[in-house]
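Chemist: I have a structure here, written as C-alpha cells, and I will follow up with some questions on it.
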Amino acid sequence: MKLVTREQWGARPVQRGLTALPSARGVKVHYVGSRVEPSPTKGCGAHCRAMVRGIQAHHIDGNGWSDIAYNLLVCEHGTVFEGRGKGVLSAANGAGLNSSHYAVCALLGDKGLVEPTDAMLNGLVDAIGYLRNHGAGNEIKGHRDGYSTSCPGDRLYAWVRAGARRPDAPEEKPIKVVVRDGIALWPGRVLEVRDPMMRGEDVEAWQERLARRGWRIDVDGWYGPRSRTVCRSWQRAVGLPVTGVVDRTTWESAWSWRPPVASEPEEPAAP
Ligand SMILES: [Zn+2]
Ligand SMILES: [Zn+2]
C-alpha cells in the first residue's frame, strides 16, 4: 500500500480532538460526489495532495468539524491518504452510523472524473485491508446503505456490491460443503488470511461449527484476521500445530474432537 501520511499531504492539525474507535463492523465506501478534476500528471503528486487538503478545509471551515471526515482517502493513482486514520471515529457515515463502520473516500466525482480507475480500486482494497488489520470487521458497505445519499455513486456502489474485489482478481468458483451425518466433509480448500480475503460456504461452515462449540466468532463467510485468531486458539486447545490455517486436520477436528473425560476406574472382572 502506498500511504501518504498527514504530514506528507500537509494536513492541518485536528481542531478539537477525535474519538477513538478501536473496532467496528467494517468499512463504508464514499466518493467526493461533486466535480473532481482528473490529475494532470500520470503519477501521483501535488494535484491529489491539494484535493485532500481542500476536502479537509471544507470539513473544518465549511462544516465546522474537527478534521477531515474520512479515515482514509484514495486517489485515481491508488495512493492511500491518511485522513483521521485507523482506530478513530469518522464523521462521514451520518449521525449514529459512524461507530459501526470506518469510512474510506475515493477521490471520484459525479462530474469530471467519474469512472474509478483500476489503480483506485486496488487502493480501496489496500485501504480496507489496512483498516481490517486495525479493528475493522469484514463488512464492506456503501454510504447509501442505511442513509439517504447517492454516495458512493452508482459505479463504485456496484463494485462494492460485487464484493469490492481487485480488478485483476480471478473469479472465485463457489465451494459447496457436503454434510453427512451431521459432519461437514472437508471441501478441499485450505482456509487462510489472504488478499483478497477468502470467503465462501466452507468458511461459513467452519465458523458456524466453532460458534456452536462455544467460540466467539462471526459467522459471515469471510476468513479474516479474527477467524485466524479463533483458529489459533482452537488449534492450541485441541493440541494441533498453531498455524491459524484451517487445513484438513484442523477442519476435521472441529467436528471430531472431544474433550478428554476422566477415565472411570474399571470394574474388576467377575471371577
Ligand atoms: Zn459519502
Ligand atoms: Zn494521486
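The values are calculated or read from the model by the stated rules, or taken from the named source; none is laboratory data. No experiment lies behind these values; they were computed from the predicted model shown. Positions of Cβ are backbone-derived with ideal geometry, glycine not excepted, and every protein chain shown enters the neighbour counts. These area figures cover heavy atoms from the full protein model, side chains too; ligands, DNA and RNA do not enter into them. Shrake-Rupley method; radii C 1.70, N 1.55, O 1.52, S 1.80 Å.
Chemist: When the stretch 171-216 is examined, which residues are found to be under 17 Å from G137 (Cβ atoms), in contact with a Ser or Thr (Cβ under 8 Å, 6 or more places away or on another chain), not in a loop (DSSP other than H, G, I, E, B) and not β-branched (V, I, T)?
Modeler: Scanning the stretch 171-216 gives a single hit, Q207.
Chemist: While we're here: Inspect the stretch 69-85 for any residue being out of contact with any strand residue (DSSP E or B) (no Cβ under 7 Å at 6 or more places or on another chain), open to solvent by less than 50 Å² (accessible area, probe 1.4 Å) and without any contact (Cβ under 8 Å) to a residue 24 or more places away in the chain and give the result as yes or no.
Modeler: no
Chemist: Turning to a different aspect of this structure: Could you list, ordered by first residue, the pairs with Cβ atoms under 8 Å in which the first is in the stretch 5-28 and within 11 Å of L89 (Cα to Cα) and away from ligand 2 (no atom under 16 Å from the Cβ) and the second is open to solvent by 40 Å² or more (accessible area, probe 1.4 Å) and assigned to a loop (DSSP other than H, G, I, E, B), at least 6 apart or interchain?
Modeler: Once the first residue is within 11 Å of L89 (Cα to Cα) and away from ligand 2 (no atom under 16 Å from the Cβ) and sits in the stretch 5-28, its partners that are open to solvent by 40 Å² or more (accessible area, probe 1.4 Å) and assigned to a loop (DSSP other than H, G, I, E, B) give L18/L89; T19/L89; A20/L89; L21/L89; L21/S99; A24/S99.
Okay, residues lined up against (1) within 16 Å of ligand 1 (Cβ to nearest atom); (2) of a type in the set (A, V, I, L, M, F, W, C); (3) open to solvent by less than 20 Å² (accessible area, probe 1.4 Å); (4) within 19 Å of the chain's Cα centre (by Cα):
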| position | (1), (2), (3), (4) |
| --- | --- |
| A136 | no, yes, yes, yes |
| S148 | yes, no, no, no |
| A164 | yes, yes, yes, yes |
| D168 | no, no, no, yes |
| K173 | no, no, no, no |
| G188 | no, no, no, no |
| P196 | no, no, no, yes |
| W206 | no, yes, yes, no |
| A211 | no, yes, no, no |
